[in-house]
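The values are calculated or read from the model by the stated rules, or taken from the named source; none is laboratory data. Owing to the predicted nature of the structure, the values given are computational and were not obtained by experimental measurement. Ideal geometry is used to build each Cβ from the backbone, glycine not excepted, and the neighbour counts take in all protein chains shown. Protein only, heavy atoms only, side chains kept; ligands, DNA and RNA dropped before computing areas. Shrake-Rupley method; radii C 1.70, N 1.55, O 1.52, S 1.80 Å.
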Amino acid sequence: MAKKIAIVHHTLASLGGGERVAASLIEALNKSGVVPDVYTTSPVKLSYLQDFYGKEIKCKLHAIMPFAVRLFGIYHRLIASLNSFTLTGYDAVVNTTGIYTPLFFKSVIKRYLLYVYSPIVPTQPFAVKQYSKYERSLFWKIYFQPYQNIIKSSIKNLGDTELIAVSDFTKWRIKKYWNKPSVTIYPPVDIETFSQVFEKTDRDGVISIGRFSPEKNHVLQLEIAKQLPNLTFRICGSAKTPYYWRWYQHVKAKAEELDLKNVEFYPNIPFKKLIELIGESKFFLHSMFYEDFGLTTCEAVAGGCIPCVHNSGGQKEVVPYKFLRFNNVKEAVKILSGSYPSSLREDLFKHIQQFREENFQNQMLKVILGEA
């Protein structure tokens with residue numbers, strides 16, 4: 001008899017890395033004969049997910065609210081967690097939101113598994129406070145405070161929650177801040193799609209990929225670009241929310257202020273065009289401090305780019321060579337100015353094979369269903 005599985009994910013409309021994890025997990029469960037129930041805060045059409053990820057996934061969608069609410073985003077995580085009493089009939093409940101979300105009254109649930117990107121909130125170390133909007137104004141501090149208090153209180157009651165870390169870096173933080181054990185299962189990387197352009201050799205310039213928000217540290221990329229006027233920098237990322245759009249406008253204005261002629265912006269770039277730009281670029285630049293994993297780095301490596309990433313967090317697991325990791329602008333400039341043997345791209349490509357989607361799916365099924 002097939003097991004009954006529920007997935008809790010506060011929103012599937014964002015179509016980001018966390019939603020990719022949820023979609024991949026649904027697909028894996030389908031392959032094992034399980035059609036999971038998926039609980040969200042706001043409704044989303046299954047065809048929306050199927051079309052975006054190119055997966056014929058099957059699940060039953062349940063939304064707490066009958067319409068989409070764009071305000072109070074972080075509180076949607078708490079609302080999605082109010083489903084506890086409707087989840088009592090499942091053999092396992094998996095929360096794929098990525099950021100810690102309490103499941104109230106979880107004692108009535110047989111098994112609760114939490115897939116964790118970051119075990120911390122912006123007041124703790126490794127949260128890169130200077131880039132968090134919740135630290136920069138009185139309005140955002142007041143908005144964030146109730147959520148922060150709820151999280152800090154509920155973390156004390158993790159109990160027998162089964163924790164899955166997105167990287168060994170996250171596993172280390174879970175032990176440090178929650179004093180709990182966890183197992184590392186790397187997120188699914190779509191290596192096949194991006195590797196379509198791996199063999200392209202006529203490349204130049206630098207590409208970066210990441211939503212337009214302060215923690216992605218785009219301004220540092222501009223400082224690096226200023227030191228390398230002969231290299232084209234292609235800055236790509238989502239700017240679909242008003243907050244992201246404002247940050248994009250801020251970064252663009254900063255580039256104009258610095259009179260940078262070698263920087264190109266691609267907000268909300270179509271996926272096909274993104275693949276093309278990866279195939280045209282020699283380097284991939286990722287400037288966020290203490291990244292939980294480094295999904296876009298893997299995708300760029302699969303597409304044939306040489307990575308240049310900050311020497312912290314999960315990026316150390318994605319980029320094993322220290323000479324491709326930087327601590328400051330000077331070191332980043334040195335990496336992007338270097339010449340490297342063609343074998344380096346191949347070695348990096350071999351390294352990221354451990355992050356293939358089928359590995360994620362097999363490991364998750366083993367944990368959830370007890371099968372490989």
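Tabulated data for the structure shown
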quantity	calculated
Among residues of segment 313-335, those that are under 16 Å from the mean Cα position of the chain (by Cα) and over 21 Å from F233 (Cα atoms), counted	5
Odd one out for D292 among (1) under 17 Å from K200 (Cα atoms); (2) in contact (Cβ under 8 Å) with a residue 12 or more places away in the chain; (3) not in a strand (DSSP E or B)	(1)
Failed item, numbered, when R173 is tested on (1) open to solvent by less than 20 Å² (accessible area, probe 1.4 Å); (2) within 17 Å of T296 (Cα to Cα)	(2)
Selection status of E276, open to solvent by 10 Å² or more (accessible area, probe 1.4 Å), among the acidic types (D, E) and free of Cβ contacts under 8 Å to residues at least 40 places away in the same chain	no
Checklist (1) assigned to a helix (DSSP H, G or I); (2) among the hydrophobic types (A, V, I, L, M, F, W, C); (3) within 22 Å of I191 (Cα to Cα) applied to F284, failing item	(1)
Residue among I269, I306, I278 that alone is touching a Phe, Trp or Tyr at 6+ places or on another chain (Cβ under 6 Å) and not hydroxyl-bearing (S, T, Y)	I306
Total residues in segment 219-269, condition open to solvent by 60 Å² or more (accessible area, probe 1.4 Å), over 28 Å from K334 (Cβ atoms) and either aromatic (F, W, Y) or in a strand (DSSP E or B) (or both)	1
Filter result (closer than 24 Å to F198 by Cβ, open to solvent by 50 Å² or more (accessible area, probe 1.4 Å) and more than 25 Å from the chain's Cα centre (by Cα)) within segment 340-372	Y340, P341, S342, S343
Failed criterion for S81 (all others in (1) modelled with pLDDT of 75 or more; (2) open to solvent by less than 20 Å² (accessible area, probe 1.4 Å); (3) under 28 Å from D168 (Cβ atoms) hold)	(1)
Search result, residues across segment 311-339 that are part of a loop (DSSP other than H, G, I, E, B) and open to solvent by 60 Å² or more (accessible area, probe 1.4 Å)	Y321, N327, N328, S339
